[in-house]
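Visitor: Below is one structure. I have some questions about it.
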């Protein structure tokens, strides 16, 4: 051998050429960990006493992986804002999951659309339960194979917490974005949340203290919607944008973003509008529709109501628009809406509202029978008003706000066309009340305005930097 070192491979003349050593005691890529004192390039001699898993992870330029699951339109909004901040920090990040049009536009590779998860009410959940369980099982298996660095479940706790728990048990860091309403009902879920999520990202300031009592790490990040709305919305600009500059008194009508909500509330909302139109013939209405299916269902209901005696003029003054809910709220003088995120949006638009909701009788019976509900008010403006302090100056200027609900809530049997109409007209007839409530809405807006997507991304980055369990 004349003292030559062993040779590996051949050069173009046919002679063997020495391999180039790569010094690496441990090389990681996102799939496999190889412990190796010496690895010889592509001609390949590997001295590796231990190989872990079937995936390779390479230390060097890192391309972190994030997976998100959003369960409905509001979660799609939150996810889009968070994705934008993640991509600012990690331009080469891989981001997959379940989302809607906004998350797809922000850059997520959508494995499923969030509409597949959007069910509400006990009866609807029971009907869809086999399909939802199959979908969750497939997603769990796919996520475990893909191995994200961080998984973020956005709202939809009944679906997402099960996914989070399975991933956390297998060493994947997890975050739950949007606290379940533990301040309202089922605080017993805390143990399940603790086992499922490494951190909880809270939208409301009263929530982290509740989690602290149960040993759960939680951060108040504010609400992205509070960042999206300006503190002083421009009604005239919104009306021009919607081609409703000459509409006079305008009522925004938001019957829900799910077909089930429109089915339960749409006819009563439209009949309430017809009654109000009889009282105020110059009224106009604007109804932003969440998607094409919702628009089609609401249009059919409008045709039915407009054919009823006394409602003939409703069709000509009911303006349906695709999306653009924020503009519709800002353009309006008062709002009739389904309880949910829309109530918070109306609050941030500083518009007086009537909040309505109706659930299946079976759901109502179970909630009452098991005393699952801890609070007497449902809508976020009323909940936040009760939970957050009011400035002394507001106390002095508007003493009528202390201890009172900010907005009327008409639920179940109280949700009728007559009561809805009366509540809307009450707002139009009481400008002093509108002024007081709008001032409190502005203060609550300030409480929630914290650049939520940035703070949420900060918390996710902190989680990303932690070692795997």
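Visitor: Give me the percent of Cα-Cα pairs in segment 235-448 that sit more than 29 Å apart, rounded to a whole number.
Guide: Roughly 24 percent, rounded to a whole number.
Visitor: Taking neighbour counts of Cβ atoms within 10 Å as a proxy for exposure, in what order, fewest first, do 138, 351 appear?
Guide: Final ranking by Cβ density, sparse to dense: 138, 351.
Visitor: Would you order 82, 242, 388 from fewest to most other beta-carbon atoms within 10 Å of each residue's own beta-carbon?
Guide: Lowest to highest Cβ neighbour count: 388, 242, 82.
Visitor: With a 10 Å Cβ neighbour count serving as the proxy for reagent exposure, in which order, fewest first, do 174, 299 appear? Don't jump to the answer; show the numbers that get you there.
Guide: On the way: 174 25, 299 16.
Listing 174, 299 from fewest to most nearby Cβ atoms yields 299, 174.
The numbers here are math on the coordinates, done by the rules we state, and not lab data. As the structure is a prediction and not an experimental result, all values here were calculated from the model. All Cβ positions, even for glycine, are placed from backbone atoms using ideal geometry, and neighbour counts span all protein chains on display.
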